[in-house]
């Protein structure tokens with residue numbers, strides 16, 4: 001029998017700690033490589049990139065806080081700080097409205113012209129006025145201009161960016177009319193919330209010799225881009241005053257000798273031949289649905305109705321005001337003609 005020590009497999013080498021052979025290698029293979037790293041710890045994984053991006057963002061916020069002396073959340077609206085400032089500029093759209101705004105030197109910050117716009121006399125004058133006043137002129141594509149404006153707005157390829165509209169004070173507006181020795185003809189709106197009706201009324205006031213429009217501070221249309229567009233530029237010439245309390249304003253007007261008439265389908269005075277037409281007047285128009293409010297009606301010197309066909313229930317606020325202003329202007333003109341004879 002051969003000596004066991006002569007067999008290679010039975011020999012242990014010093015210093016290795018493990019027998020050389022298949023047994024030790026097998027145990028190492030069974031031990032594995034340990035637990036699988038998390039996705040965010042694997043450099044090739046998308047989660048790893050997201051984690052690094054978050055770390056960079058947090059580091060940037062920390063640097064910003066150190067420079068400004070404010071914590072990461074100190075300026076947020078939820079902590080009582082200022083919210084991001086909203087762009088409260090207005091957009092005047094349409095060639096007539098933009099042209100009139102530039103003619104009357106309404107402050108403007110930028111004029112947008114659609115690329116490849118069809119040039120006419122109005123567009124040429126718009127470009128000339130804007131250039132002479134130093135207003136920035138920017139050419140943009142029509143799809144971009146469509147996105148700038150409201151969905152149902154027809155901009156005609158021109159948009160003027162202006163600061164927020166400023167409202168006059170009702171009493172200062174009246175004082176200005178009286179200082180010019182004019183016979184006041186002013187329209188007040190009671191519950192009219194459609195800005196297009198406001199724009200149409202401003203246009204009618206300008207057309208029939210009126211001097212201003214009063215809107216209440218609450219529950220009323222504002223002088224925005226839609227009102228500007230509908231007014232066809234008249235909003236640049238006719239002042240619009242805002243009353244914090246419409247009823248109180250009407251009372252103050254009456255103290256100044258101004259008569260208040262309200263328009264209502266059930267009024268007890270007929271518009272044709274209105275006896276008060278030649279007096280200083282405020283014509284109050286209510287909403288098409290609810291009409292005049294109770295408090296406003298109580299302060300009217302007369303509630304006037306417009307005769308219409310029985311087939312039609314009512315007129316909207318803009319049309320009713322236009323009809324009333326036309327009749328008042330006609331009666332005033334007839335009165336002046338009679339005095340001149």
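Bear in mind these aren't lab numbers, they're just calculated from the coordinates by the rules spelled out. Worth saying up front: this structure is predicted, and the values here are computed from it rather than measured. Quick reminder, even Gly has a Cβ in these numbers, built from the backbone with ideal geometry, and neighbours come from all protein chains shown.
Quick notes
- Model label points for residue 256 and residue 119, set 7 angstrom from Cα along the Cα-to-Cβ axis, are 4.7 nm apart.
- Multiplying the residue separation of residue 140 and residue 326 by 0.36 nm and removing their Cα-Cα distance gives an extension gain of 62.8 nm.
- Taking every alpha-carbon pair under 8 Å whose residues sit at least 6 apart, the stretch 170-340 reaches a relative contact order of 26 percent.
- Evaluated at q = 0.15, 0.23 Å⁻¹: base-10 log I(q)/I(0), Debye formula over Cα of the stretch 248-341: -0.59, -1.22
- Mean separation of Cα contacts under 8 Å, 6 or more apart, over the residue count of the stretch 90-162: relative contact order %: 56 percent
- Both radii are taken from the alpha-carbon atoms of the stretch 216-266; with Rh as the Kirkwood radius, Rg/Rh is 1.04.
- Just so you know, the averaged projected area of the alpha carbon convex hull for the stretch 118-258 sits at 10.1 nm².
- Compactness of the stretch 90-162 was expressed as the Cα radius of gyration divided by 2.2 N^0.38 Å, which yields 0.97.
- Normalised by residue number, the volume inside the convex hull of the Cα atoms of the stretch 170-340 is 113 Å³ per residue.
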